[in-house]
Amino acid sequence: MGGFFAVASKEDCVFDLFFGTDYHSHLGTRRGGMAVYGKKGFDRAIHNIENSPFRTKFEKDVNEMEGSLGIGCISDYEPQPLIVRSHHGTYAITTVGKINNTDKIVSEIFSAGNTHFLEMSGGDINATELCAAIINQRDNIVEGLKYAQELIDGSMSIMILTPKGIYVARDRMGRTPIAIGHKKGAYCAAFESFAYLNLGYTDHKELGPGEICVITPESVITLVDPGKEMKICAFLWVYYGYPSSSYEGISVERMRYNCGSLLSKRDDVKADIVAGVPDSGTAHAIGYANESGIPFSRPFIKYTPTWPRSFMPTMQSKRNLIAKMKLIPVHDLIKDKSMVLIDDSIVRGTQLRETTEFLYQSGAREVHIRPACPPLLFGCKFLNFSRSNSDMDLIGRRVIAVKEGDDVSNEVLLDYADPNSDRYSSMLEEIRKQLNFTTLRYHRLDDLLESIGLDSDKVCTYCWSGKE
């Protein structure tokens, strides 16, 4: 996914920028970066954060950088922020999002006279560099940002640091959030709204879909009004969002309690305890326990001192191993127990199968799995929710392929997504058997939307429903 943070201050902004960016570390896996503008001009630092936290890698930079304007990012893939020299002047740029039509855009930009793009180690073009190239096709930065939003298939939220202020643009359909904070002498912008609270900022506003503004130490000025349509990602509440954040005024933690409560209302399982797969399943499990009356318990504890983020490392096989190594059992709370276990989702199924086996080996009598969202059947086209090579990485799609063959029509897929269909029931039973669960019941999409509380047409549910 990735996250970013920006500060425009009358005083030095590096302290706020450092900690505000660090508060986004749960959103990315590979690169962290900061760029500032001060008396010495632009300064930037980018580090690999795959094997150590952002804060550790940037401690030296914080003591050396200075400036009153700055942007920072946690990136799931590409190195950024980038510093670009163009007819707009020199600026730094960072992005969050996904571009599906890279080849088409590159071809158009080559035709317009751009001579080259730098390839990253994997052979891909840096999406942030491509955004800069798009912006540079227009006469000014605002027109360039508007052009990028029109041209990009996918989604892209952008921050641009200039000597006079910071341009902040939310993606056209508002799939990812941007919140603005304010304190005396400074404004900030963040993906995660909680990131600025401990730095003394209070909520100022949330940008609307496609809104473009410029922030300075004195003001936040809207340059392009927000659009009327929005499709904010529902998975922000289910999994990605930090518990203390809120999006569109909806608390992440409160939504997860609602989610667990509605899961319980449709369930009739008899169990001794309710537990969440730490950390993202915990709040859902609390909501379930409060509604059902089944005691909440922590039968395993996540060991985090040296593995603070569940995303690390990036290789899937190692991630599975690390996920298993991080869970430490509390045998007295597991032995001979029937338990409801809630996870945020089932993607490939590998980790949850190993977690379930781990509970059986620790003496559990029954493990009833309750994912906090519907079955994932469609790979995300709009955000880097999961860098899967194909939809076949999703266990639901693999089960469907066995039953229906590789060439499955969209009509058939939509029938599998319907919780009232026979195909849906058969898919769940096959997943249950493959992953060795006692029982399996997913959260329904209508209940998930009720858990959030926004109008359904304002929320993106493509990964479950296949509907854009």
Identify, from the list E64, E50, E11, the residue that is surrounded by fewer than 18 Cβ atoms within 10 Å (Cβ to Cβ), more than 20 Å from E218 (Cβ to Cβ), in the same structural domain as N126 (by TED's automatic domain parsing) and over 19 Å from the mean Cα position of the chain (by Cα).
E64
In segment 156-194, the residues that are under 16 Å from G2 (Cβ atoms), of a type in the set (S, T, N, Q) and touching a helix residue (DSSP H, G or I) at 6+ places or on another chain (Cβ under 9 Å):
T176
Would it be correct to say that G185 is outside the structural domain of T461 (by TED's automatic domain parsing) and crowded, with 16+ Cβ neighbours inside 10 Å?
no
Tell me, please, whether a residue that is of a type outside the set (G, A, S) and touching a Lys or Arg at 6+ places or on another chain (Cβ under 7 Å) can be found in segment 398-413.
no
Take Y442 and decide whether it is surrounded by fewer than 19 Cβ atoms within 10 Å (Cβ to Cβ) and out of contact with any Gly (no Cβ under 8 Å at 6 or more places or on another chain).
no
Considering segment 145-159 alone, what residues qualify as being in contact (Cβ under 8 Å) with a residue 60 or more places away in the chain, closer than 13 Å to V96 by Cβ and among the aliphatic types (A, V, I, L, M)?
M156, I158, M159
Restricted to segment 40-66 and to residues being in a loop (DSSP other than H, G, I, E, B) and out of contact with any Ser or Thr (no Cβ under 9 Å at 6 or more places or on another chain), the residue farthest from Y187 (Cα to Cα) is N51
For segment 207-215, state whether one or more residues are in a loop (DSSP other than H, G, I, E, B) and among the hydrophobic types (A, V, I, L, M, F, W, C).
yes
Taking M230 as the residue in question, decide whether it is within 20 Å of I135 (Cα to Cα) and either surrounded by fewer than 24 Cβ atoms within 10 Å (Cβ to Cβ) or free of Cβ contacts under 8 Å to residues at least 24 places away in the same chain (or both).
no
Matching option when the condition is modelled with pLDDT of 95 or more, touching a strand residue (DSSP E or B) at 6+ places or on another chain (Cβ under 6 Å) and under 30 Å from R444 (Cα atoms), among E229, E253, E206:
E206
State all residues of segment 4-37 that are modelled with pLDDT under 95 and of a type in the set (S, T, N, Q); if no residue qualifies, say none.
S25, T29
Out of curiosity, is G396 in contact with a helix residue (DSSP H, G or I) (Cβ under 7 Å, 6 or more places away or on another chain) and within 23 Å of I99 (Cβ to Cβ)?
no
Go through segment 405-441 residue by residue and tally those that are among the charged types (D, E, K, R) and assigned to a helix (DSSP H, G or I).
8
Regarding S421, is this residue small (G, A, S), surrounded by fewer than 19 Cβ atoms within 10 Å (Cβ to Cβ) and touching a helix residue (DSSP H, G or I) at 6+ places or on another chain (Cβ under 8 Å)?
yes
Return a yes/no flag: does segment 161-179 have any residue that is crowded, with 23+ Cβ neighbours inside 10 Å and among the polar types (S, T, N, Q).
yes
Long-range neighbours under 7 Å by Cβ, at least six apart or interchain, first residue within 12 Å of P371 (Cβ to Cβ) within segment 272-286, second crowded, with 20+ Cβ neighbours inside 10 Å and basic (K, R):
H284/R256
Give just the number: which of (1) more than 21 Å from Y288 (Cβ to Cβ); (2) touching a residue at least 60 places away in the same chain (Cβ under 8 Å); (3) surrounded by fewer than 22 Cβ atoms within 10 Å (Cβ to Cβ) does K433 not satisfy?
(2)
Can we say V274 is in contact with a strand residue (DSSP E or B) (Cβ under 6 Å, 6 or more places away or on another chain) and under 19 Å from L448 (Cβ atoms)?
yes
Selection within segment 198-241 - acidic (D, E) and either over 18 Å from the mean Cα position of the chain (by Cα) or over 26 Å from L383 (Cα atoms) (or both)
D203, E211, E218, D225, E229
Somewhere in segment 127-146, is a residue part of a loop (DSSP other than H, G, I, E, B) and within 26 Å of the chain's Cα centre (by Cα)?
no
Go through the residues of segment 81-97 one by one and say whether even a single one is of a type outside the set (G, A, S), over 20 Å from P163 (Cα atoms) and either outside any helix (DSSP H, G or I) or not assigned by TED's automatic domain parsing to the domain that holds R30 (or both).
yes
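The values are calculated or read from the model by the stated rules, or taken from the named source; none is laboratory data. All of these numbers come straight from a predicted model, not from anything done at the bench. Reconstructed Cβ throughout: ideal geometry from the backbone, glycine too, with neighbour counts over all protein chains shown.
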